[in-house]
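Student: Pasting a structure here, questions to come.
The values are calculated or read from the model by the stated rules, or taken from the named source; none is laboratory data. Since we're looking at a predicted model, the values are computed, not measured. In this analysis, Cβ positions are derived from the backbone assuming ideal geometry, glycine residues included, and neighbour counts consider all displayed protein chains. With ligands, DNA and RNA removed, areas are computed over all heavy atoms of the protein, side chains included. Shrake-Rupley method; radii C 1.70, N 1.55, O 1.52, S 1.80 Å.
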Amino acid sequence: MSANVQSLDEFFSMLVEEQRDIRITLASLEGSGQPVALDQTTQGRVSRIDAISQQHMAKAGSTRLSIQLDRIKAALERYAAGRYSVCCRCELEIEHGRLMADPATPFCLECSQELAEAKQLDMRRNTGR
């Protein structure tokens with residue numbers, strides 16, 4: 001087996017493992033997003049505010065993890081199609097170090113930077129800055 005194929009198999013394993021870990025974490029966070037009960041007899045206002053704050057953090061964490069799960073699913077689909085490690089924009093090879101840092105990344109560094117700059121420019125235009 002060539003080093004390149006071995007590396008791709010290692011990235012596949014990393015993606016599957018991260019996918020499993022995220023699903024476990026999401027399952028554990030499921031109850032954290034439930035509405036906070038208003039029971040003035042057992043908890044004070046500060047405790048309830050703290051509980052609401054924790055609820056919001058759990059929802060934000062769940063949203064972030066769900067987005068990452070979608071990115072991993074897309075990377076696994078690219079792997080199955082034989083397109084993993086190829087930039088979705090310019091179709092050049094994604095750098096090995098970049099995949100090590102984020103195995104689910106769909107873009108090479110150059111395209112990622114160009115997209116980030118375009119997004120910033122678009123945000124400036126929309127906010128009038």
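Student: Taking only pairs six or more apart or across chains, which ones have beta-carbon atoms under 8 Å, a first residue in the range 68-84 that is at negative phi, and a second residue that is in a helix (DSSP H, G or I) and among the small types (Gly, Ala, Ser)?
Tutor: If the second residue must be in a helix (DSSP H, G or I) and among the small types (Gly, Ala, Ser), the pairs left are Tyr84/Ala75.
Student: I would also like to ask the following. Quickly run through the range 110-129 and pick out the residues that are part of a helix (DSSP H, G or I) and either surrounded by 14 or more Cβ atoms within 10 Å (Cβ to Cβ) or over 21 Å from the mean Cα position of the chain (by Cα) (or both).
Tutor: Scanning the range 110-129 gives Cys111, Ser112, Glu114, Leu121, Asp122, Met123, Arg124, Arg125, Asn126, Thr127.
Student: Here's another thing I want to ask about it. Output the number of the condition that Gln40 fails; it satisfies all remaining conditions of (1) in a loop (DSSP other than H, G, I, E, B); (2) surrounded by fewer than 12 Cβ atoms within 10 Å (Cβ to Cβ); (3) at pLDDT 95 or above; (4) not small (Gly, Ala, Ser).
Tutor: (3)
Student: With respect to Ser85, determine if the residue is out of contact with any strand residue (DSSP E or B) (no Cβ under 8 Å at 6 or more places or on another chain) and of a type in the set (Gly, Ala, Ser).
Tutor: Spelling it out, it is not the case that Ser85 is out of contact with any strand residue (DSSP E or B) (no Cβ under 8 Å at 6 or more places or on another chain) and of a type in the set (Gly, Ala, Ser).
Student: Are there any pairs with C-beta distances below 7 angstrom linking a residue in the range 1-23 that is at pLDDT 95 or above and of a type outside the set (Phe, Trp, Tyr) to a residue that is assigned to a helix (DSSP H, G or I) and open to solvent by 60 Å² or more (accessible area, probe 1.4 Å), with the two at least 6 apart or on different chains, and if so which?
Tutor: Close Cβ pairs satisfying both conditions: none exist.
Student: Another question, if that's okay. What number of residues within the range 79-96 satisfy the criterion of being more than 18 Å from Leu109 (Cα to Cα) and open to solvent by less than 80 Å² (accessible area, probe 1.4 Å)?
Tutor: 3
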